[in-house]
Amino acid sequence: MAFAAFGSAPAKEHKTPTKSGKIVLALLMPGLVYLGLFFFTPLMSLIVTSLEVPAASGAIGEYEYGFAWQNYVTVVTDYMPQILRSFYYATVATLIALLFSYPLAYFIGVKLRSRPMLQRMMLVLVIAPFFISFLLRTIAWKQIFSDGGAIMQFVYSTGLMSTSDHFLGTDAAVIFGLTYNFIPFMTLPLFTTLERFDVRLLEAGSDLYASPAAVFRKVTLPLSMPGIISGTLLVFIPIAGDYVNASQNFLGSSKTSMIGTMVDADFLQTQDYPLASALSVLLMAVIVVLVSVYVRRSGTDDLL
Amino acid sequence: MKRFSVSKLTLPMYSALAMVFLLIPIVYTIAFSFNDSTKRTNTEWQGFTFDKWLGVCAKPDICESLGNSLFIGAVSTLIATVLGTALAIGLVRYRYRARGAVNLALFLPMATPEIVLGAGLAGLFFNAGVGAGMTTVIISHVVFCLSFVVVTVKARVQTLDPVLEEAGRDLYANPNQVFWKITFPLLLPGIVSAALLSFSLSFDDFIITYFNSGSVETFPKYIYVAAARGVPAEANVIASAVFIATILLVLVAQINGAIKRKRLLKK
């Protein structure tokens, strides 16, 4: 999918020879067993833990098996603000990332086709943020938007904001950071789709007297749907689970706590494992629903 | 059709500006690695110096965390690349009924928020009585690197013509020779990109590491903790050095690929 973009040169695909047997098992088994042990078992373990009850001894951090589905009620009532905020941030940031990335991916994928070298270089620059520490690039934005920084000084001088107001710590600052950090996850899949897009279809559209806007709406946009959908998934999901951008030491404040903030607090600080697990299971359930909608629409072959 | 118009320039201009925007924090981070900050924090520009680059290990804990991150990145990448390459070959080359399920099983780890996987693994290790440390970090990193390796290598396997391997077999090469002399060299560029991606993901991971590393310091953990009181310029030096090294590797690979493609097209 997305990362195929820098996996190899585009070339024609060869048809799959039908063969099966021991060799497939030998190739697939080690990886699948690994995922079984360290991906699916942890998810199962989260579900079990989410239903546990405090141990009879009453010691902090000790729980025993139970069927305390009330944990989910507690999580939903206590953490409603964080749950809503996480999905609100993720929705807004995903939309901005899409609007930001689409023209860029179109330029690189369609307009730069005749210049493969420049196209590759632009692609490398798009993924460049991946290669510098996620935490440090977020801190860089924090310092750029600090009250004493040039940008805020300018904003204060225009009178748009009073000096008692700050940008850091607001919803907008967190959404800004989240959007920035996940933009490449949107641009790459869009690029992969638009790169294969047949431009002759555009000519056909305008030959048939469609306005540029109509061509875009009726031809370009529907054909970019696979990229839009996988980009949306790849951006929305990690954002919904992120809490670094929203942390007080980064771009957020105590008013921007997200689902991740609460899981971290419950798991690592108050050692309330059942609540932390119930919250994680809820988040995962939403993600599974989103992924299955995608699978239903596009099948599993284009997932990877 | 060739007439000058402002609207023709809009898209290139926008793209250039978008690129500049994406690169701002990178330039900022690299610039501040040369900041002559005497205070513990590195927020105000105080003059240019090479001192931080020459004496990165003046802060011993930062160097230790770097060493750990490099080690974790290398070991997890090795394991993930071997497992992932085998999976990619198996997925593309063979047909079987459970294909959809296998695709889904490989996609889900990419679609799982880090906080869920981090908490899940921590719970699993905790329940199994395994103390968090180097081993648990490496196990966790392989989980999220694996799928990205599969995706990257798979793209390369799809471009591979099975006829080449048949030719090898026709010339009496045994399966071992076919793999190492034909398949592997042809897949190598994909495997290298996959390893590079896997290493960057592991090296930069914070959330999953935070839940599963116990007392093992990694570079992102160091920055996260330091963010509360101010991150020293030495951290910028390390991030900048890693950035420059990776980007050079990627550029070399891309230019190499472009030259090869040109040569192939000429023939």
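The values are calculated or read from the model by the stated rules, or taken from the named source; none is laboratory data. Given the structure is predicted, the values throughout are model-derived calculations rather than measurements. Every residue, glycine among them, receives a Cβ derived from its backbone with ideal geometry; neighbour counts consider all protein chains shown.
Would it be correct to say that A:T193 is of a type in the set (S, T, Y), in contact (Cβ under 8 Å) with a residue 24 or more places away in the chain, away from chain B (no Cβ under 12 Å) and in contact with a helix residue (DSSP H, G or I) (Cβ under 9 Å, 6 or more places away or on another chain)?
In short, yes.
Tally the residues that are more than 7 Å from chain A (Cβ to nearest Cβ), more than 23 Å from B:L70 (Cα to Cα) and part of a helix (DSSP H, G or I), restricting the search to the stretch B:126-143.
Number satisfying all stated conditions: 1.
Name the residues in the stretch A:61-112 that are within 14 Å of another protein chain (Cβ to nearest Cβ), under 15 Å from A:D272 (Cβ atoms) and free of Cβ contacts under 8 Å to residues at least 12 places away in the same chain, would you?
Within the stretch A:61-112, A:E62 is the sole residue that qualifies.
Find the residue count for the stretch A:32-54, including only residues that are in contact with a Gly (Cβ under 6 Å, 6 or more places away or on another chain) and in a helix (DSSP H, G or I).
5
Could you identify the single residue in A:L290, A:L282, A:L234, A:L223 that is at pLDDT 90 or above and either among the acidic types (D, E) or surrounded by 14 or more Cβ atoms within 10 Å (Cβ to Cβ) (or both)?
A:L282
Which residues, taken from the stretch B:258-267, are more than 17 Å from A:L125 (Cα to Cα) and facing chain A (nearest Cβ under 7 Å)?
B:R261
Tell me yes or no: at least one residue of the stretch A:51-58 is in contact with a strand residue (DSSP E or B) (Cβ under 8 Å, 6 or more places away or on another chain) and crowded, with 17+ Cβ neighbours inside 10 Å.
yes
Tell me, please, whether a residue that is modelled with pLDDT of 90 or more and among the acidic types (D, E) can be found in the stretch A:248-268.
Yes, some residue in the stretch A:248-268 is modelled with pLDDT of 90 or more and among the acidic types (D, E).
Which numbered condition in (1) surrounded by 18 or more Cβ atoms within 10 Å (Cβ to Cβ); (2) outside any loop (DSSP other than H, G, I, E, B) is the only one that B:S37 fails?
(2)
Right, A:K218: assigned to a helix (DSSP H, G or I), modelled with pLDDT of 90 or more, of a type in the set (K, R) and farther than 30 Å from B:R97 by Cβ or not?
Criteria not met by A:K218.
Do we find a residue being within 10 Å of chain B (Cβ to nearest Cβ), closer than 26 Å to A:G66 by Cβ, assigned to a helix (DSSP H, G or I) and not hydroxyl-bearing (S, T, Y) anywhere in the stretch A:236-259?
Yes, the stretch A:236-259 contains a residue that is within 10 Å of chain B (Cβ to nearest Cβ), closer than 26 Å to A:G66 by Cβ, assigned to a helix (DSSP H, G or I) and not hydroxyl-bearing (S, T, Y).
Which condition does B:R95 not pass, out of (1) within 7 Å of another protein chain (Cβ to nearest Cβ); (2) closer than 21 Å to A:S292 by Cα, if it passes all the others?
Only one criterion in (1) within 7 Å of another protein chain (Cβ to nearest Cβ); (2) closer than 21 Å to A:S292 by Cα is unmet by B:R95, namely (2).
Those residues that are of a type outside the set (A, V, I, L, M), farther than 17 Å from A:V126 by Cβ and assigned to a helix (DSSP H, G or I), I need them from the stretch B:225-256; list them, please.
Hits for the stretch B:225-256 are B:E234, B:N236, B:S240, B:N256.
Checking B:V149 against (1) part of a helix (DSSP H, G or I); (2) surrounded by fewer than 19 Cβ atoms within 10 Å (Cβ to Cβ), which single condition isn't satisfied?
For B:V149, the failing item is (2).
Against the conditions (1) out of contact with any Asp or Glu (no Cβ under 8 Å at 6 or more places or on another chain); (2) under 28 Å from A:A276 (Cβ atoms); (3) not aliphatic (A, V, I, L, M), where does B:E165 fall short? Just the number, please.
(2)
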